[in-house]
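Remarks on the structure that follows.
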Amino acid sequence: MNVSTLEWTITLVALVALLVVDLLIVGRRPHEPSFKESSLWVTFYVGLAVVFGIWVYASHGAQYGGEFFAGWLTEYSLSVDNLFVFVIIMARFAVPRMYQQKVLLVGIVIALIMRGGFIAAGAAVVSRFSWVFYLFGAFLIYTAWGLVKHGEDDEGDYKENIMIRTARRILPMSPQSDGAKLTTRVNGRLLFTPMLIVMIAIGTTDLIFALDSIPAIFGLTKEPYLVFTANVFALMGLRQLYFLLGGLLDRLVYLSIGLSVVLAFIGVKLFLEALATNNVPFINGGEPVGWAPHVPIWLSLTVILGTLIVATIASLIKSGRDARAEAALASAAHSSVQPASSGGTQASGEAPAEQPHKVRGQG
């Protein structure tokens, strides 16, 4: 794929302009976006990604257009899974809903900058060492197995990473937040607020998630331009998607299984490509393996899209059945405690104990 310097420049300028506009909008009026507002923004960013993919298809060919869409869908689905742990972080630090937009946006900008470094390093390694696909493939299959085996974590499973712990240790911190401000003054002393730690947590946690998403997209395309833009379009709009999905996150019970299938498929695809271009001395005498098939991008796109659709539909069906079953049990329990001669008061006169809510996290 021949991407000119002008194309790179226009792309970067346009993406930075979008982020700046986003920052200005959020900074001017901190608020919790409504369902309508979130829906419009998510539609805008998804539509923007689709238009960009069509442009790649028209200007660079069907192969690269398909690679972008496959990469974007994979990164977007993995980013949706990341929302589970974002919920945990927001709850852990008790971030008010009106300030969560700013926290997410700044965290995503941090993640984009750091992912850019990851992508540049990954592109350099892939272009020089084809055997790295063996490692990528093994890691993706291992990650897929982890998703199947352990599923989603709850709030108690969340552990602060080393960057968060280091920031807490070396930065002068205020014990309390000051709205959405990153700094505040206490007794004349300039201190950082816990809001900075939250932003670091969002950005660095997303970077940790990139350890499986970056190898995954390199399994679909080796073009740095497509890897970068697919990641950017997957992360842009993630803030609005966080508010749009809201309680629906708990209903995506099979998302981890769907993602495990996608990662395992890409892992196997990487192994086959590594075999087809093999130069490792102890495998087939350092020669390419002739029987290793090439997996076309249309097949990759079909498997990824089909798996995500099936996982989503199955999740909603199961969640609906579970909700109806719980409602039926609650109704039966309520009926059983009604005295025969009274007008509907509970026998004990006490309200049922509130059940603890489990917040789901990254698998």
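Things worth noting here:
- Rounded to 10°, Cα long-axis angle of helix 132-150 versus longest principal axis of the chain: 20
- Cα-based Lys proximity count in region 5-250, under 25 Å, for pairs eight or more positions apart or on separate chains: 5
- The angle between the Cα long axis of helix 224-235 and the main principal axis of the chain comes to about 10°, on a 0 to 90 degree scale.
- Paired Rg and Dmax values of region 5-250, which use every Cα atom, in angstrom: 18.8, 63
- Separation between Cα centres of region 110-128 and region 1-22, rounded to whole Å: 17
- Estimated distance in nm for a label pair at residue 189 and residue 173, the labels positioned 7 Å out from Cα along Cα-to-Cβ: 1.5
- A Cβ-based charge dipole, computed about the Cα centre of region 5-250 with Lys and Arg at +1 and Asp and Glu at -1, lands at about 920 debye.
- Value of relative contact order over the chain, rounded to a whole percent, pairs C-alpha under 8 Å and six or more apart: 29
Bear in mind that the values in this text are calculations on the coordinates, not laboratory data. Computed from a predicted structure; not experimentally measured. No Cβ is skipped: glycine too gets one built from the backbone with ideal geometry, and neighbour counts run over all protein chains shown.
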